[in-house]
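The values are calculated or read from the model by the stated rules, or taken from the named source; none is laboratory data. Owing to the predicted nature of the structure, the values given are computational and were not obtained by experimental measurement. Here the Cβ positions follow ideal geometry from the backbone for every residue, glycine too, while neighbour counts run over all protein chains shown. Just the protein is used for accessible areas: all its heavy atoms, side chains included, with ligands, DNA and RNA removed. Shrake-Rupley method; radii C 1.70, N 1.55, O 1.52, S 1.80 Å.
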Amino acid sequence: MSFLSSLNLPSPVTQIENSLLKEKKISLFIKRDELIHPVIQGNKWRKLKYNLLNAKKNNKSTLLSFGGAYSNHLHALAAAGNQLNFKTIGIIRGEAHHPLNPCLQDMKNWNMQLKFISRLEYKQKTSPEFIQQLKQQMGDFYLIPEGGNNASGKKGCAELLTELKEHYDTICCEVGSGTMLSSLIHNNTKPHTDFLGFAVMKNPQLEQEIENSLNYIEPVSPWEINHKYHFGGFARTTPELDDFIKNFKEKFNIQLEPVYSGKMLWGILDLIKQDYFKTGSRILAIHGGGLQGLRGFKQLL
Ligand SMILES: *Cc1c(COP(=O)(O)O)cnc(C)c1O
């Protein structure tokens with residue numbers, strides 16, 4: 001896959017400096033996974049990689065997956081499929097609205113076949129009967145679950161750790177389903193590193209879901225999820241968060257978005273103010289990409 005060698009990997013690490021960090025003697029770094037590719041970036045690239053390689057290995061020519069109307073996952077999948085000559089099918093939660101939003105329009109332009117289903121039907125996305133029904137309708141396909149959240153997805157997430165050349169006391173990531181966090185804590189081999197996830201929606205079950213996904217035969221690094229920075233729920237934002245994102249771009253020339261990375265970076269800086277981290281700590285925040293999602297927030301453009 002020559003497409004693979006065109007990706008900006010390993011993604012760079014940038015240190016952030018300001019007076020707060022200096023005062024609190026904290027070193028903050030950002031793993032720039034949003035720079036991997038203009039579209040096929042971040043968390044969603046990490047999860048797609050081994051799914052794409054597996055599909056090729058199994059001679060599958062069509063990829064099918066699930067997502068909402070602003071899905072970073074389906075957007076990246078459509079672009080990657082287009083680059084790698086896979087047919088792609090996106091099963092979209094909810095009714096079609098015309099004109100299509102920019103995310104869906106891109107997917108369509110990249111030749112993804114879009115199939116809109118009701119929210120009720122969408123709930124069956126993991127049911128074997130429903131998948132079988134889809135195969136009868138659409139022909140054979142390689143199935144990638146919503147978000148790319150399967151074993152191949154986790155394998156790709158784990159690769160991020162192998163790219164880190166320096167020690168970090170705490171590694172932070174955004175938490176949606178918890179697939180990334182679960183992969184990191186399961187695959188980390190370095191001692192003295194703990195993991196802090198930032199929940200981007202209200203989901204008190206997250207810890208239990210991650211516990212259930214872990215295989216306790218393997219050692220697991222210390223981890224925690226912070227639930228204080230969801231800003232009202234998934235894809236919710238506030239004028240303060242919007243301003244934070246604009247200022248961050250001005251000061252550090254790093255683009256954040258309000259669904260994931262904006263909330264995490266706000267949370268990290270807020271916790272630093274509250275002396276949550278030990279003096280002298282080295283913190284790494286993983287920027288999960290998803291910058292196409294900015295187009296859903298007109299006030300930020
Ligand atoms: C999907 C996504 C996440 C969520 O990752 P999980 O592994 O589901 O927790 C985080 N950040 C970005 C940018 C995403 O697109």
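Among the residues in the range 177-189, are any outside the structural domain of GLY280 (by TED's automatic domain parsing) and free of Cβ contacts under 8 Å to residues at least 40 places away in the same chain? Within the range 177-189 (the criterion being outside the structural domain of GLY280 (by TED's automatic domain parsing) and free of Cβ contacts under 8 Å to residues at least 40 places away in the same chain), the answer is no, since none of the residues qualifies. Residue check: LEU48 meets all listed conditions (1) within 14 Å of the ligand (Cβ to nearest atom); (2) open to solvent by 10 Å² or more (accessible area, probe 1.4 Å) but one, namely (2). For the range 151-173, which positions are outside any helix (DSSP H, G or I) and either out of contact with any helix residue (DSSP H, G or I) (no Cβ under 8 Å at 6 or more places or on another chain) or aromatic (Phe, Trp, Tyr) (or both)? Once the filter is applied, which keeps residues that are outside any helix (DSSP H, G or I) and either out of contact with any helix residue (DSSP H, G or I) (no Cβ under 8 Å at 6 or more places or on another chain) or aromatic (Phe, Trp, Tyr) (or both), the range 151-173 yields GLU163, LEU164, LYS165, GLU166, HIS167, TYR168, ASP169, THR170. Could you tell me which residue of the range 112-121 is most open to solvent (accessible area, probe 1.4 Å), considering only residues that are farther than 16 Å from MET138 by Cβ and of a type outside the set (A, V, I, L, M, F, W, C)? Within the range 112-121, the match that is most open to solvent (accessible area, probe 1.4 Å) is ARG119. When the test is whether a residue is in contact with a Phe, Trp or Tyr (Cβ under 6 Å, 6 or more places away or on another chain) and either under 22 Å from LYS154 (Cβ atoms) or not assigned by TED's automatic domain parsing to the domain that holds SER281 (or both), ILE36 passes it. The condition (being open to solvent by less than 30 Å² (accessible area, probe 1.4 Å) and acidic (Asp, Glu)) is satisfied by just one residue among GLU17, GLU34: GLU34. Applying the condition of being of a type in the set (A, V, I, L, M, F, W, C) and assigned to a loop (DSSP other than H, G, I, E, B) to the range 187-206 and asking which residue is farthest from LEU284 (Cα to Cα) yields MET201. A count restricted to the range 208-254 and to residues that are open to solvent by 20 Å² or more (accessible area, probe 1.4 Å), in contact with a His (Cβ under 9 Å, 6 or more places away or on another chain) and either more than 22 Å from ALA151 (Cα to Cα) or assigned to a helix (DSSP H, G or I) (or both) stands at 2. Residues that are away from the ligand (no atom under 16 Å from the Cβ), on the phi > 0 side of the Ramachandran plot and surrounded by 12 or more Cβ atoms within 10 Å (Cβ to Cβ): does the range 185-194 have at least one? Within the range 185-194, not a single residue is away from the ligand (no atom under 16 Å from the Cβ), on the phi > 0 side of the Ramachandran plot and surrounded by 12 or more Cβ atoms within 10 Å (Cβ to Cβ). Cβ-Cβ contacts under 7 Å between residues 6 or more apart (or on different chains), taken from a first residue in the range 1-20 that is within 27 Å of ARG282 (Cα to Cα) to a second residue that is at pLDDT 95 or above and of a type in the set (Phe, Trp, Tyr), are listed as VAL13/PHE29; THR14/PHE29; GLN15/PHE29; ILE16/PHE252. Test GLU163 against the criterion of being under 30 Å from ASN58 (Cβ atoms), out of contact with any Phe, Trp or Tyr (no Cβ under 7 Å at 6 or more places or on another chain) and either of a type in the set (Val, Ile, Thr) or more than 16 Å from the ligand (Cβ to nearest atom) (or both), and give yes or no. Against the criterion (under 30 Å from ASN58 (Cβ atoms), out of contact with any Phe, Trp or Tyr (no Cβ under 7 Å at 6 or more places or on another chain) and either of a type in the set (Val, Ile, Thr) or more than 16 Å from the ligand (Cβ to nearest atom) (or both)), GLU163 qualifies. Among the candidates GLY81, GLY67, the residue that is touching an Asp or Glu at 6+ places or on another chain (Cβ under 9 Å) and outside the structural domain of LYS154 (by TED's automatic domain parsing) is uniquely GLY67.
Figure legend. Inter-residue proximity from the range 51-67: first residues in contact (Cβ under 8 Å) with a residue 40 or more places away in the chain, second residues of a type in the set (Asp, Glu) and open to solvent by 10 Å² or more (accessible area, probe 1.4 Å), beta-carbon distance below 7 Å, spacing 6+ or different chains. Indicated pairs: THR62/ASP140; SER65/GLU146; PHE66/GLU146; GLY67/GLU146.
What pairs come up if the first residue lies in the range 261-290 and is over 23 Å from ALA76 (Cα atoms) and assigned by TED's automatic domain parsing to the domain that holds GLN15, the second is among the hydroxyl-bearing types (Ser, Thr, Tyr) and within 14 Å of the ligand (Cβ to nearest atom), and their beta carbons are under 7 Å apart, counting only those six or more places apart or on different chains? From residues that are over 23 Å from ALA76 (Cα atoms) and assigned by TED's automatic domain parsing to the domain that holds GLN15, the pairs are TRP266/TYR229; GLY267/TYR229. Looking only at residues of the range 136-150 that are part of a helix (DSSP H, G or I) and away from the ligand (no atom under 13 Å from the Cβ), we find that the one that is surrounded by the fewest Cβ atoms within 10 Å (Cβ to Cβ) is GLN136.
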